[in-house]
Amino acid sequence: MKKTAVVTGASSGIGEATARRLAAEGYEVVAGARRRDRLDKLAAEVDGITPVTLDVTSQESVDELAASLSRCDVLVNNAGGAIGLESVAEGRVEDWQRMYDTNVLGSLRVTQALLPKLVASGDGVLLMLTSVAGLVSYEGGGGYCAAKHAQTSMVETLRLELVGQPVRIIEIAPGMVHTEEFALTRFRGDADAASRIYEGVPGPLTADDVADAITWSVTRPAHFNVDRMVIRPRAQAAQHKVHRVSG
Ligand code: 8X3
């Protein structure tokens with residue numbers, strides 16, 4: 001019987017790339033996101049992907065997902081993102097709330113709902129897509145850094161609480177990844193500002209690079225836990241140290 005992998009936020013970027021890679025590895029992939037049209041397109045294109053309308057900020061939606069699954073071997077908590085780059089002094093409470101609700105509480109809801117099935121699988125994998133923003137703070141990182149730090153803490157706590165249970169707890173923390181939507185959302189739809197982030201950077205990571213790291217980590221044997229994998233492009237030596245070439 002095929003193993004089932006649930007990927008949240010699978011309608012674009014890292015989530016979509018992960019759904020594609022896990023399907024290629026032979027998993028039955030349940031691809032969850034709000035934008036059903038994009039998921040339907042993905043499922044029509046790739047064998048082994050089942051689209052599910054999922055809003056991780058809704059307990060009802062998450063419960064429906066859990067009830068629809070007969071098994072779950074892998075959970076990739078990927079849904080989330082950044083909104084705004086204001087200083088803490090000027091940050092908007094509603095943005096912080098939204099980021100907390102998607103990144104942190106969204107992961108919590110899906111984790112709580114699927115954990116029994118992950119344990120029952122006998123070799124479950126819970127993977128949290130965090131960020132280097134969960135390890136360091138930076139100006140303008142505001143609610144995103146706070147939310148990602150919370151997710152990082154959640155992973156560490158889960159690993160302690162679940163020791164002895166047949167579930168691996170994996171964290172993947174990427175640095176600069178050029179996806180179609182991440183920076184656009186962060187800059188509130190300002191495409192020029194979003195593209196300047198990657199300007200002159202020779203080879204930011206791609207969504208598929210991160211999906212590759214996720215898939216490698218998930219497909220290790222049951223005794224092999226990737227606690228945390230930090231991945232950055234070669235051009236990003238540290239958060240504030242990015243090599244750019246002009247012209
Ligand atoms: C995104 C990476 O460096 O913009 O998670 O925080 S960063």
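The values are calculated or read from the model by the stated rules, or taken from the named source; none is laboratory data. The model shown is predicted, which means the values in this text are computed figures rather than measured ones. Counting neighbours? That spans all protein chains shown, and the Cβs are built from the backbone with ideal geometry, glycine included. Note: areas computed on protein heavy atoms with side chains; ligands, DNA, RNA excluded. Shrake-Rupley method; radii C 1.70, N 1.55, O 1.52, S 1.80 Å.
May I ask you to verify whether GLU139 is part of a loop (DSSP other than H, G, I, E, B) and touching a helix residue (DSSP H, G or I) at 6+ places or on another chain (Cβ under 8 Å)? Considered against the rule, which asks whether it is part of a loop (DSSP other than H, G, I, E, B) and touching a helix residue (DSSP H, G or I) at 6+ places or on another chain (Cβ under 8 Å), GLU139 comes out as no. Note on segment 115-137: residues that are over 20 Å from THR219 (Cα atoms) and either more than 12 Å from the ligand (Cβ to nearest atom) or open to solvent by 40 Å² or more (accessible area, probe 1.4 Å) (or both) amount to 4.
Given the structure, is THR102 assigned to a helix (DSSP H, G or I), in contact (Cβ under 8 Å) with a residue 12 or more places away in the chain, under 18 Å from PHE187 (Cα atoms) and of a type in the set (Val, Ile, Thr)?
On the way: assigned to a helix (DSSP H, G or I): yes; in contact (Cβ under 8 Å) with a residue 12 or more places away in the chain: yes; under 18 Å from PHE187 (Cα atoms): yes; of a type in the set (Val, Ile, Thr): yes.
It is true that THR102 is assigned to a helix (DSSP H, G or I), in contact (Cβ under 8 Å) with a residue 12 or more places away in the chain, under 18 Å from PHE187 (Cα atoms) and of a type in the set (Val, Ile, Thr).
Starting from segment 107-134, keep only residues that are at pLDDT below 95, then list their pairs with residues that are open to solvent by 10 Å² or more (accessible area, probe 1.4 Å) and more than 16 Å from the ligand (Cβ to nearest atom) whose Cβ atoms are within a distance under 7 Å, requiring at least 6 positions of separation or different chains. Cβ pairs passing all conditions: none.
When we screen ARG186, ARG168, ARG159 for residues that are away from the ligand (no atom under 15 Å from the Cβ), in contact (Cβ under 8 Å) with a residue 60 or more places away in the chain, surrounded by 15 or more Cβ atoms within 10 Å (Cβ to Cβ) and basic (Lys, Arg), the only hit is ARG159. Within segment 189-224, the set of residues being within 12 Å of the ligand (Cβ to nearest atom) and in contact with a Phe, Trp or Tyr (Cβ under 7 Å, 6 or more places away or on another chain) comprises ALA194, PRO204. Under the condition of being surrounded by fewer than 17 Cβ atoms within 10 Å (Cβ to Cβ) and either within 10 Å of the ligand (Cβ to nearest atom) or touching a residue at least 40 places away in the same chain (Cβ under 8 Å) (or both), the residues counted in segment 144-156 number 0. Test GLY141 against the criterion of being under 18 Å from the mean Cα position of the chain (by Cα), open to solvent by 10 Å² or more (accessible area, probe 1.4 Å), within 13 Å of the ligand (Cβ to nearest atom) and farther than 24 Å from ASP55 by Cα, and give yes or no. No, not satisfied. For segment 191-247, a residue qualifies if it is modelled with pLDDT under 95 and of a type in the set (Val, Ile, Thr), and exactly one does: ILE197. Restricted to segment 1-95, the set of helices (runs of 4 or more DSSP H) holding at least 2 residues that are open to solvent by 30 Å² or more (accessible area, probe 1.4 Å) and free of Cβ contacts under 8 Å to residues at least 12 places away in the same chain comprises 36-45, 59-68.
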